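> The structure under discussion is supplied below as structure tokens; questions concerning it will follow.
The values are calculated or read from the model by the stated rules, or taken from the named source; none is laboratory data. This one's a predicted model, so the numbers in the text were calculated from it and none came from an experiment. Methodologically, a virtual Cβ is constructed for each residue, glycine included, from the backbone with ideal geometry; neighbour enumeration extends over all protein chains shown. For accessibility, only protein heavy atoms count, side chains too; no ligands or nucleic acids. Shrake-Rupley method; radii C 1.70, N 1.55, O 1.52, S 1.80 Å.
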Amino acid sequence: MKKTIEERFKALDQTIKSEDFLTNRGLGNEVGYYIFDYDPKDELLVREHVDYLENQNSSVVDGFTLQVFNLYKIMMELLESKKYLNIISQWEKKHDIMFVATRINRLLKMEEFDDSEMYFTDYIMHRVESNSVVILTGIGEIYPLVRAHSILNKMHLVYTKRPVIMMYPGEYDRLRLTILDTNRDANYYRAFRIN
């Protein structure tokens with residue numbers, strides 16, 4: 001029987017506060033990357049719950065700081081700062097989405113050989129506190145411009161300090177990511193699913 005979103009939130013809350021999660025115990029030397037997958041129709045509930053977790057977090061009481069990074073907002077800030085929004089708008093009128101996605105991925109350095117240069121990784125590494133639990137949001141908003149597995153593949157090689165949870169609007173079966181109940185994003189097997 002499938003759990004309700006409220007039951008899943010309870011599991012998420014318990015996971016975040018568990019000592020094994022915070023110390024990456026029981027992972028067999030794997031980096032602490034987790035995916036909280038959910039039905040896309042629950043997006044607004046998930047956003048509210050992440051806000052709730054962030055507002056309720058007390059580093060003194062919890063022993064960690066919860067830091068939420070919305071990848072869509074990070075990407076848009078970069079595009080605005082580089083004055084690319086009008087250019088992208090023109091590209092969208094003349095080209096298909098793959099053309100636009102390729103250009104945005106280049107700007108974000110998603111295909112760089114040095115994984116630490118990927119924009120999201122660099123952005124997070126320069127802002128994350130040492131005792132943090134990181135939550136990544138905005139995955140559905142940046143799809144199909146940027147793919148979740150690309151971000152996870154890059155980040156897990158360079159950010160290994162503390163646990164990372166990706167909030168994923170779709171399904172993760174411990175082998176494959178399927179975003180927004182439409183397309184299979186890609187195979188990905190390094191993250192642990194929060195049940």
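> Scan segment 152-185 for residues that are modelled with pLDDT of 85 or more, surrounded by fewer than 21 Cβ atoms within 10 Å (Cβ to Cβ) and either among the aliphatic types (A, V, I, L, M) or under 15 Å from residue 133 (Cβ atoms) (or both) and report the count.
0
> Does segment 15-38 contain at least one residue that is over 19 Å from residue 163 (Cβ atoms) and either at pLDDT 95 or above or open to solvent by 30 Å² or more (accessible area, probe 1.4 Å) (or both)?
no
> With 105, 57, 70 as the choices, which residue is of a type outside the set (Val, Ile, Thr), without any contact (Cβ under 8 Å) to a residue 12 or more places away in the chain and open to solvent by less than 40 Å² (accessible area, probe 1.4 Å)?
Residue meeting the stated conditions: 57.
> Being modelled with pLDDT under 95, within 20 Å of residue 192 (Cα to Cα) and not small (Gly, Ala, Ser): is that true of residue 106 here?
It is false that residue 106 is modelled with pLDDT under 95, within 20 Å of residue 192 (Cα to Cα) and not small (Gly, Ala, Ser).
> Might you let me know whether segment 129-147 holds any residue that is among the small types (Gly, Ala, Ser), more than 21 Å from residue 170 (Cβ to Cβ) and surrounded by fewer than 16 Cβ atoms within 10 Å (Cβ to Cβ)?
yes
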